Amino acid sequence: MIKANEGKARCARAKAAGLMQEARELDQAQGGDWRARARRRRGADRLRADAMRFERLAVSYDPDWEDYAA
């Protein structure tokens with residue numbers, strides 16, 4: 001694989017991990033009425049969708065990553 005693609009894949013995976021962390025924090029947030037909780041849930045869903053998009057992007061840069069990720 002080309003070195004530039006390794007860096008792009010690493011960057012995309014880091015972005016995906018950060019977005020998933022933000023989604024977890026939103027899911028764990030307490031307080032507010034049902035509207036606020038629904039808004040946080042929708043926000044967390046959008047963050048997870050973006051994280052999956054970045055993960056797919058990372059796999060497109062480095063399709064063999066699963067072989068050495070573990």
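In deg cm²/dmol and to the nearest 500, what is the mean residue ellipticity at 222 nm of the chain if only DSSP H runs of at least 4 residues count, each as -39500 (n - 2.57), divided by the residue total?
Taking each H run of at least 4 residues, the total per residue is -29000 deg cm²/dmol.
Can you figure out the FRET efficiency of residue 6 with residue 38, using R₀ = 35 Å and their beta-carbon distance, to the nearest 0.05?
0.30
Over the chain, how many percent of alpha carbon pairs lie in each 10 Å bin up to the one with the longest distance?
22, 38, 22, 13, 4, 0
Let me check against my output: what whole-number percent is the relative contact order of the chain, with C-alpha pairs under 8 Å and at least 6 apart?
49
With axes computed from alpha carbons, what is the tilt in degrees of helix 34-61 against the longest principal axis of the chain, rounded to the nearest 10 within 0 to 90?
0
Readers should treat all values here as calculations from the given coordinates under stated rules, not as data from a laboratory. The structure displayed is predicted, hence computed values, not measured ones. Methodologically, a virtual Cβ is constructed for each residue, glycine included, from the backbone with ideal geometry; neighbour enumeration extends over all protein chains shown.
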